[in-house]
Amino acid sequence: MKRTLIVLVITLVFSLYGCVPTPPKLGHYIGSNPDVSFDITENGVENFSATPTKNLSCSHDPFPTVPIDPNNGAFTFTSPSMDKINGNVEDNLANGSFWLNDCIQSTGSGIVIGFADGENWTAKWIAPKP
């Protein structure tokens, strides 16, 4: 009984002072400027899609399900072609950045091949996953 009470008090103290992260709300998340969308499931971040704010047309490898660290809400993934996402999610808000390598920009004088480097994003929960 005494041991249970001590564990309960420690858990309560950590919860009150923000030491225990709030688990992410499962469902569909959307952000704009840049546009991002993804789902959070019991398995992690799924169906991540990003569109850079720059005048770029990018394609990226499909991102697999990316696990979320239960200790701090962080997730990260780098694809074989070096596309990368990272982020942090707590409760119903998420933020992070992405890098996409296969991008094309139309200019007045032609087409430039480039990449979307380190675009920061913010997204919020909008609905349960269908």
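The values are calculated or read from the model by the stated rules, or taken from the named source; none is laboratory data. Keep in mind that this is a model prediction, so the values were computed, not measured. Note that we place each Cβ from the backbone using ideal geometry, even for glycine, and neighbour counts take in every protein chain shown.
The table for this structure:
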{"quantity": "In segment 34-58, residue farthest from T122 (Cα to Cα) [restricted to those that are in contact (Cβ under 8 Å) with a residue 60 or more places away in the chain and among the polar types (S, T, N, Q)]", "calculated": "T41"}
{"quantity": "Those residues of segment 65-89 which are buried (at least 17 other Cβ atoms within 10 Å of the Cβ) and of a type outside the set (A, V, I, L, M, F, W, C), in sequence order", "calculated": "G73, D83, K84, G87, N88"}
{"quantity": "Strands (runs of 3 or more DSSP E) contained entirely in segment 31-130, each with at least 3 residues that are at pLDDT 80 or above", "calculated": "35-41, 44-51, 74-78, 84-90, 93-107, 110-127"}
